[in-house]
Amino acid sequence: MDCLFCKIIEGVIPSAKVYEDDKILAFKDINPQAPVHVLVIPKKHIASLDGIDSTNIDYVNHIFAKVPEIAASLGLGGGYRLISNCGDDACQSVKHLHFHILGGKKLAEAMA
Ligand code: 5GP
Ligand code: ZN
């Protein structure tokens, strides 16, 4: 499968990792939109939020269980935003489920 984030998981494409375990990987976004911009992905190909089902929900649960720990390790005690773009209207550009952790400054109020 020709998936950029699967290649990052496999190590074929390098990334700046900030957290990794058997189910998930977190790494710095290559084009940061905030002082801290990290992507958290499941180590299983799920195309988007719409691809979540009973066979892969444990990966998503694990992401949510670990986000507070990852955010704390990034120094985001003042708060952060967690975003997942799903589909064309949301401008999803990589078709492997990912959650953006954004922070390190006071973020804009507007989300869309
Ligand atoms: P989306 O637009 O799909 O929600 O987010 C995809 C994100 O992946 C973008 O913020 C983009 O900067 C990031 N990205 C695209 N290619 C790479 C890459 O090769 N390495 C890293 N670390 N991030 C990437
Ligand atoms: Zn993938």
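Could you please find all residues in the range 1-19 being surrounded by fewer than 17 Cβ atoms within 10 Å (Cβ to Cβ), within 14 Å of ligand 1 (Cβ to nearest atom) and either part of a loop (DSSP other than H, G, I, E, B) or acidic (D, E) (or both)?
D2, C3, E10, G11, V12, I13, P14, A16
Anything in the range 20-41 that is crowded, with 17+ Cβ neighbours inside 10 Å and within 14 Å of ligand 1 (Cβ to nearest atom)? List them, or say none.
Hits for the range 20-41 are L25, A26, F27, D29, A34, V36, H37, V38, L39, V40, I41.
What is the one condition in (1) within 14 Å of ligand 2 (Cβ to nearest atom); (2) in contact with a Ser or Thr (Cβ under 7 Å, 6 or more places away or on another chain) that E10 does not satisfy?
Of everything listed in (1) within 14 Å of ligand 2 (Cβ to nearest atom); (2) in contact with a Ser or Thr (Cβ under 7 Å, 6 or more places away or on another chain), E10 misses just condition (2).
Taking into account only those residues within the range 68-103 that are crowded, with 18+ Cβ neighbours inside 10 Å and small (G, A, S), which is farthest from N31 (Cα to Cα)?
Once the filter is applied, the top-ranked residue is A71.
Looking at I70, I41, which is the one that is part of a helix (DSSP H, G or I) and touching a residue at least 24 places away in the same chain (Cβ under 8 Å)? Let's see the steps before the verdict.
Working: I41 fails: part of a helix (DSSP H, G or I).
Criteria check complete, one pass: I70.
Filter the range 52-66 down to the residues that are surrounded by 15 or more Cβ atoms within 10 Å (Cβ to Cβ) and farther than 13 Å from D21 by Cβ and list them by number.
Restricting attention to the range 52-66, the residues satisfying the condition of being surrounded by 15 or more Cβ atoms within 10 Å (Cβ to Cβ) are 52, 56, 59-60, 62-63, 66.
Matches in the range 52-66: I52, N56, V60.
Just so you know, all these numbers are worked out from the coordinates, no wet-lab data involved. All values derive from a computational prediction rather than experimental measurement. Glycine gets a Cβ as well: all are built from the backbone with ideal geometry, and neighbour counts include every protein chain shown.
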